[in-house]
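The structure appears below as structure tokens.
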Amino acid sequence: MFEGESITQLIGNFGFPIIVTIYLLYRFENKIESLENALRDLEEVVRLSSGKKKRREKHE
């Protein structure tokens with residue numbers, strides 16, 4: 001993401017807290033995308049199982 005020299009320039013210009021925030025946001029982006037995908041998959045499973053349950057109730 002960043003090269004060694006550019007990191008020191010960024011820290012000097014913007015300060016340590018801002019650089020740490022940018023780094024953490026970059027790192028967590030993939031994890032957030034994975035959670036979004038897992039929630040979509042869970043929604044699909046719930047929708048499918050709910051549909052099967054309704055069909056079983058109609059047959060009884």
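Values quoted throughout were computed directly from the atomic coordinates according to the rules given, and no laboratory measurement underlies them. Model, not experiment: these values are computed from the prediction. With ideal geometry, Cβ positions are generated from the backbone for all residues, glycine too; neighbour counts draw on all protein chains shown.
Here are some notes:
- Tabulated pairs, segment 26-39, first of a type outside the set (Val, Ile, Thr), second not in a helix (DSSP H, G or I), C-beta under 7 angstrom, 6+ apart or interchain: 26/1
- Looking across segment 1-15, the residues that are of a type outside the set (Gly, Ala, Ser), in a helix (DSSP H, G or I) and exposed (fewer than 10 other Cβ atoms within 10 Å of the Cβ) come down to 5, 13.
- Residue match in segment 35-49 (condition: hydroxyl-bearing (Ser, Thr, Tyr), assigned to a helix (DSSP H, G or I) and over 16 Å from the mean Cα position of the chain (by Cα)): yes
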